[in-house]
Structure formats: C-alpha cells, structure tokens
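S.K.: Shown below is the structure under consideration.
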Amino acid sequence: MASTFFGLTIASSGLRAYQASANTVANNISNVDTNGYSKQVTNMKANHALRGYTEYGTLSTGVSAESVTQVRSEYYDNKYWQYSGYQGEYSEKVKYMTQFENYFQDDSTIKGFSSIYAEFFNDIDSLRGNPASTSVRNQVISSAKKFCSYFNTVSNGLMKIQEDLNEQIKTTVDEVNSIAQKIALLNDQINDVEINGSYANDMRDQRALLVDQLSAIVAVEVEETKVVNSKYPDMYTGATNYTVKINGLTLIDGSQYRQLECEARKYKDNQNDAEGLYDIKWADNHSDFSVTSALSTGSLKSLMQLRDGNNHANFSGTVTEASGRQLVVSNCNVKSELSMNLPPQGVITIGNREYTYSSFSMQQTPSGETTFSFTISSEISGMSSMVGRQASVGESIDFKGVCYYQSQMNEFLRAFTKAFNDIQHKGVDLNKNPMGSFFVAESVQGTELGFADAGNDRILSTSDSYYRLTAANLKIADASKDPSIFATAYLDDFNNGQDNQSLVEEMQKLQKDVVMYRGSGGDQFLATLISDVTVDSEESELLSNNYSTITNIVSISGVDEDEEALDLVKFQNAYNLCSKVVQIMSEMYDRLITSTGV
C-alpha cells in the first residue's frame, strides 16, 4: 500500500525531472556558438509502478530523467558529409583558378600576351620600306625577347603554383593522418564511458566535428555498430565499433587507424612537371591511394586535379610489339612532335604494371599516324603477353590544371616558332649568310637547340626537335642579338637590293592568317585559354556557393535559440505545475493532520 504522503513523492519526481531538463536547455544555450556542438535533450521515462493490491491495479510513481543524449540523425550526418566533400573540392578550386586567371590576364592594368603579340607584329610591320635599319631590327628583336619573356614568366609562375599545390597536398595528407589518430583515440574514450551506461555526448561531438573536417578533405563513409557479448549475442555491452572509410577504403576501425604518406616521384609524368611531385600511398602496404576518380570528393581531390590535371591528354595507345627491352605502342593519341608532352625518361603503365623507360622515339607515317618505341630500362620476361593491352604515361585526369595549361602553351609555341623559323630559313641575313632559327630553346645543359632534326620522320627523345621546346626554355638565338642576323628577304631578292623585304609579308601573315592553335590564328591563343580558365572558374565558384548553402541546410549540429527558448518556457510551466501539486498536497495533508488529528 502506498504511503499517505505518496503524492508528494510523485510531484517531487516531476520537479527533479523538469529541473534536469531546464539544466540541459541552459547547457544548450551556453553552447549556442560552440563549433561542432550538438543539441542535447533530457530523456524522461515513467518510474516503475507499484503493485497496489487494489481494484485499479498498480500505482504510478512519477517520472525520472533517464539520460541526456544528442539530437543527431545518421541520415543527415551522411548527407552533410557528402555535400561537405563537394564544397571542399570546389572552394579549393576557386582559390587557384583565380591565380590561373591572373597569369593570363591582359587588360589596361597588365600587359599580357595579346599586347605583346600585337607589338611584336607591329614592329615587324615597321620593317616594310626599311628592312635594313638597325634601329628597326633592334626593336623587332626587343619585342621578340618580350614575347619569350612573357611565356618564360607564365611557365615559371605555373610551376610555382604546382610546387605550392604539391606542398599543400603533403600538408593535407598530414592533416588526414592527424584526424584519423584523434578519432581512433576518441573511439576508445567514448567506449570507456558508455560501457558503464553513461553517454559521452561531448566526446561524440568532438568526434563528429573531426569527421566534418575529414569530409571536406576526402569522401567519407561512417558506420557505427553495437558490440554484443560474444557468448550472448542478444546482450549489448554498451560499446560500439566506429569505422570510417575514405574513398571506399578503411581508414579507422575502432581504435585502429591507418596512415597515408607522400612519396616523391623519381620520374615526371609530364614534360613540364616540377621535380619531386608527390604520389599518395598507404603507409602500411605502400599501395596507391587515388583521389581523382569520379566518385571521390574533397579538397585533396581538387589539389591533385589542379596540380596534375591534363584534360585526358596524357599519352596513351595500344601495345603492338613487345620483346626484350623494346615496347612499341601504336594507335596513339599524340599525333605530332608539336603536341608531345612525354618526359624524356619516365614510367609507362601497361594494365596495372609500371615499367621505367630510359628513352623513346616517335615514327610518323605519311597518313599522320604515329608509333612510339620505348626502351625499357631492364629486360622483363613475358613482355610478349602485353601485346594488345592499353599503355599510358601518367594518369588521365578530367580537369584543366597546371599540366594542361603548360601543354597548351608548348603546343602553341611549337607551332608558332616552327612557322616563323621556317620563313627565316628561306632567307639570308644582312651578311648574305643563310639564316638559322630565330626562336630557339635552351637545353638543360645550357646549349641552344636550333631544331636541326625537326620534320624528320623519326624523332628521338634526345633529338634536336621542337618537342624539346617549352614555354620555360623559349629564347632568341644568341646570334640574333646582333640585329644583322635576321632575315627579311630571299637570297635572290636580296641581291636585287639590300632593302628587299620579300619575307616581311610572310611573317606578317603569321599574326592571324595562319592556323596556329585549335583551328584559329595565333592572335586567338589567349582568348581560347582565357575561355578555358573562365569556364572552370565560374563553374567552381557557382558549385562552391551552391554546396555551401546545401551543407548549411542539412547540418543538424548547433543550437536553435528560438527552439531552446520555447523549451525553456515549456519546462518552466511543467516545473511550476509540479510545484503547484506540492502546494496543494501540502494543504491537503495540513488539513488532514490538523483537523482530524491523524
């Protein structure tokens, strides 16, 4: 049978429960600006009833605060992490695409390609009527030097961006490793608390915040499963197993975690790559960790795309012959020496296996097809089994990054300088000597490359060909620093008079009348590249803003001040009602005791 004062016990349970609820609301309001904090709620349950041995059965005993837990949704958490990856990817691209735009800018404030290009041809036009003038010739040579210097500067600037991206990749990988270690440690700490029946809300918030940070770097998948007793599968131990996957591969499994590492490449993937670019690998088994697939997201993917993006233009073809150390690849996507971006030595991938090559040669047929022959560094058994397989150098990345813009500049310059030099080769200088190449390249050894092997059916990686000309090593021939070493006329025409200018008009046509680059004249080169940069930049900015908005919408962490204010009023009213019950019961007991003498 219940006590006479049982009503006070029930009312006091309500006071305690709603006091606990109000305390939880106070904690929520206090953390309204705490990054990563999740709203908490006090969970209530009815107390165990007493058997009353009466007609109405059991007696209710009030309410109790069972636990304080977070308000989180696994569904919205996963959505947030998904969209956070996209937002991290495109926001990173926005920063660097702006730098690309700055290098190709040409307006009233910055003198870029179009201005320098037009100035060069204006000075060539000045040769009309006075082609033997030393001052005019010096002006042409000076403009040509500015033309070379422009491309040297842009190429070096892009390489500096690539080096910066490379270092940021290493920093980001270190951040992933640090986050993995912290999450694994928190997994242990959370289980230590919750295995005893408590809830580690603050630690769970810390862990969720770390996953939020990780999701902006790489694509994450999170799964938390209950750990049951090995002898009694229906008995929950209170612990959970928390696993995190990145790009589909396990990074964290409970208290165990894996580490990534950056390994500097021994060989370049592209001709103009900076030295020592990093590949990302798993530290435990040294296998590759690829972040550029279509299913990947996050800032690490965008950094790799910006650094290595080639718009699917890396070398590829089909192996047609393989024996000893020789590997022949046909049906290649590279059709001429002007568009080659292969490093002189490097790594060629056939299937899933990589082979180091020490040199290569290109053979071009009259129909325009190309065949490449690679010399593998050491003889490999079973080479004949590779016939028919696809071969590639470097990874095919669907983005226009540093590699793409370097290659595009090289391709334009090779076409332009070859056309210009071919005209110069037709004429003689003021000393009536045959004119050599006006535009040349500087080799790694510091010697000049005058492209003596250009146009041969077979081009070696070491040949003196336009393949070795890049935006970084373009220069004016040392001989042409003398203004007399510049051709303006054929030898026969020159004999008719020193002022003959038969080659000037041919050079003038190169400005816009001769197709140089992607079906357009040379004057459209910058406009074409700016179009590429602008499209990618605008797309990145648009998607970054869109995904930022979406992540804010689906995010369930944080505290809604209006909602907490309503809860506070609700619990206050409930507390007041319980207090009223205590007051009424007190009056009833007072009347009972004083009036009846019980």
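The values are calculated or read from the model by the stated rules, or taken from the named source; none is laboratory data. These numbers come from a predicted model, not from an experiment. Counting neighbours? That spans all protein chains shown, and the Cβs are built from the backbone with ideal geometry, glycine included. To get the accessible areas, we keep the full protein, side chains included, count just its heavy atoms, and leave off ligands, DNA and RNA. Shrake-Rupley method; radii C 1.70, N 1.55, O 1.52, S 1.80 Å.
S.K.: Determine the dipole magnitude for the chain: charges of +1 sit on the beta-carbon of Lys and Arg, -1 on that of Asp and Glu, nothing else is charged, the reference point is the Cα centre, and the result goes in debye to the nearest 20.
M.R.: Once rounded to the nearest 20, the dipole reads 680 debye.
S.K.: Give the shape of the range 414-531 as rounded, prolate or oblate, defined through the alpha-carbon gyration tensor: a ≥ b ≥ c are the square roots of its eigenvalues, a/c under 1.5 means rounded, and otherwise the shape is prolate if a/b is larger than b/c and oblate if not. It would help to have the intermediate numbers written out before the result.
M.R.: Details: a/c = 1.94, a/b = 1.23, b/c = 1.58.
Oblate.
S.K.: Now for a separate question. With charges set only on the Cβ (+1 for Lys and Arg, -1 for Asp and Glu), what does the dipole of the range 431-527 come to about its Cα centre, in debye to the nearest 20?
M.R.: So the dipole magnitude of the range 431-527 works out to roughly 320 debye.
S.K.: Show me the trypsin sites (Lys or Arg not before Pro) within the range 492-598 that DSSP assigns to loop and that have at most 14 other Cβ atoms within 10 Å of their Cβ.
M.R.: On the way: sites: K509, K512, R518, K570, K580, R591; in loops: K512, R518.
For trypsin sites (Lys or Arg not before Pro) across the range 492-598 that sit outside H, G, I, E and B with at most 14 neighbouring Cβ atoms in 10 Å, the list reads R518.
S.K.: Divide by every residue of the chain the summed helix terms, -39500 (n - 2.57) for each DSSP H run of at least 4, and state the resulting mean residue ellipticity at 222 nm, rounded to the nearest 500 deg cm²/dmol.
M.R.: -15000 deg cm²/dmol, from helical runs alone.
S.K.: Just to check, using Stokes-Einstein with a Kirkwood Rh over alpha carbon pairs, what's the diffusion coefficient of the range 102-149 at 4 °C and 1.567 mPa s in µm²/s?
M.R.: Stokes-Einstein gives a translational diffusion coefficient of 114 µm²/s.
S.K.: Filter the GluC sites (Glu not before Pro) in the range 332-409 to those in DSSP coil with at most 14 other Cβ atoms within 10 Å of their Cβ, and list the result.
M.R.: E369, E379
S.K.: The chain: Rg/Rh from Cα coordinates, Kirkwood Rh? Write out the running numbers ahead of the final one.
M.R.: Working: Rg = 37.1 Å, Rh = 30.2 Å.
Here the Rg-to-Rh quotient is 1.23.
S.K.: Could I ask something else about it? Cα centroid distance between the range 335-393 and the range 164-235, in Å?
M.R.: Using only Cα atoms to place each centre, the spacing works out to 45 Å.
S.K.: Could I ask something else about it? Could you please state, rounded to a whole Å, how far the C-alpha centre of the range 6-34 is from the C-alpha centre of the range 96-140?
M.R.: 77 Å
S.K.: Please state the equivalent ellipsoid semi-axes for the range 120-172: what are the square roots of 5 times the Cα gyration tensor eigenvalues, largest first, in whole Å?
M.R.: Values: eigenvalues 342, 11, 3 Å².
Value: 41, 7, 4 Å, ordered largest first.
S.K.: Any idea what angle helix 201-215 forms with the longest principal axis of the chain, computed on alpha-carbon atoms, 0 to 90 degrees, nearest 10?
M.R.: 20 degrees
S.K.: Further question: Measure nothing but the geometry: give the 0 to 90° angle between the long axis through the Cα atoms of 6-30 and the longest principal axis through the Cα atoms of the chain, rounded to 10°.
M.R.: That works out to roughly 20 degrees.
S.K.: Quick one: accessible surface of L260, probe radius 1.4 Å, all protein chains present, in square angstrom to the nearest 10.
M.R.: In the full protein context, L260 sits at about 10 Å².
S.K.: Among T58, Q82, L127, whose Cα projects farthest towards the positive end of the dipole of the range 53-147, with charges put on the beta-carbon of Lys, Arg (+1) and Asp, Glu (-1)?
M.R.: Of the listed residues, the answer is L127.
S.K.: Shifting gears a bit: Can you give me the angle between helix 113-125 and the longest principal axis of the chain, using Cα atoms only, in degrees from 0 to 90, rounded to the nearest 10?
M.R.: 10 degrees
S.K.: Calculate, for the range 516-598, the solvent-accessible area per residue in square angstrom, rolling a 1.4 angstrom probe over the heavy atoms of the protein chains.
M.R.: Accessible area per residue: 61 Å².
S.K.: With +1 on the Cβ of every Lys and Arg and -1 on the Cβ of every Asp and Glu, and nothing else charged, how large is the dipole of the range 375-423 about its Cα centre, in debye rounded to the nearest 20? Can you show the working numbers first?
M.R.: Details: 4 positive and 5 negative charges, 18 e Å.
Value, rounded to 20: 80 debye.
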